[in-house]
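Notes follow the structure.
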Amino acid sequence: MDFLYSTANLLYEWGPNFLRGLTATLQIAFGAYLLGLTIGVFGAMGKIYGGGFLKLFLEFYTTIIRAVPELVLILLLYFAGTSLLNQALEALGYQPVDISGVAAGIVVLGLVQGAYATEIVRGALLAVPIGQTEAGIAFGMSRVKLFRRVTLPAMIPLALPGMANLWMIVTKDTALLAVVGFEELALVTKQAAGKSRLFLEAFTVAAFLYLGITLISNYFFRWLERRSTRGLPKLDQV
């Protein structure tokens, strides 16, 4: 009862702060996920269909991003990226700018997500049966129409499990942005725990909020998976 009472008091005092932190977390996660997915689609197509230099650059990008711990990448990309941008602006005669925390978080996590999304989309593209592509070409489809009508519907069910995992990862990775002062859910929780001295209660609230995001996301991706596999044979029917 004491735990419930203290948690209720914490939510009464810090509820708006938790809501603000949750909103910032979802904004950063959603923006970074879309940016990473965009990078992943173009990166995968570049790795498969691009020239030698492009393939080498993309291989370097995906290898470095996946090899270096994400916390190190966040620190490096945020501080080094901000410094380089302001130096470039000063060299061009402009004043330095203060970068929005949400925008910086989206760009940093989006670049990290893009490396993983590139490999997921590339694997899905390569897994599409070559016979389907050849049939589309035989019917005289253009490359754009072939991708939209044949390749894309076939690759989505293959890529969805990996992309669902990436969404879960980017949602949790937003907590790493607390080290550079972004006021998202993890930092708000730390502030609430430090000022109220209710550490167990504060981090329990945060854990339930992250769990809520996960449960809703699981339901959404399962719905997408059912939609994308309509009309396809089930595994037990193959």
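Listed values, structure above:
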quantity	calculated
Those lysines that a straight Cα-Cα span of less than 23 Å connects to residue 47, excepting residues fewer than 8 apart in one chain	55, 145
R0 of 30 Å, Cβ-Cβ distance residue 54-residue 216: FRET efficiency to nearest 0.05	0.20
Spin-label model distance (nm) - residue 103 vs residue 199, 7 Å beyond Cα toward Cβ	3.8 nm
Pair residue 80, residue 128: separation of 7 Å Cα→Cβ label points (nm)	3.5 nm
Kirkwood-based shape ratio for segment 68-118, expressed as Rg/Rh from alpha carbons	1.05
Global geometry of segment 22-81, whether rounded, prolate or oblate, following the gyration tensor of its Cα atoms and the 1.5 cut on a/c	oblate
Exposure rule at most 14 other beta-carbon atoms within 10 Å, DSSP loop trypsin sites (Lys or Arg not before Pro): the chain longest free segment	1-196
Segment 133-238: chymotrypsin sites (Phe, Trp or Tyr not before Pro) in DSSP coil with no more than 14 other Cβ atoms inside 10 Å	139
Calculated P(r) tail over 32 Å for the chain, as whole % of Cα pairs	36 percent
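Laboratory data are not the source of any read-out in this text; all were calculated from the coordinates shown. What you are looking at is a predicted structure, and each value in this text was computed from that prediction instead of being measured. Note: ideal-geometry Cβ built from the backbone for every residue, glycine included; neighbour counts use all protein chains shown.
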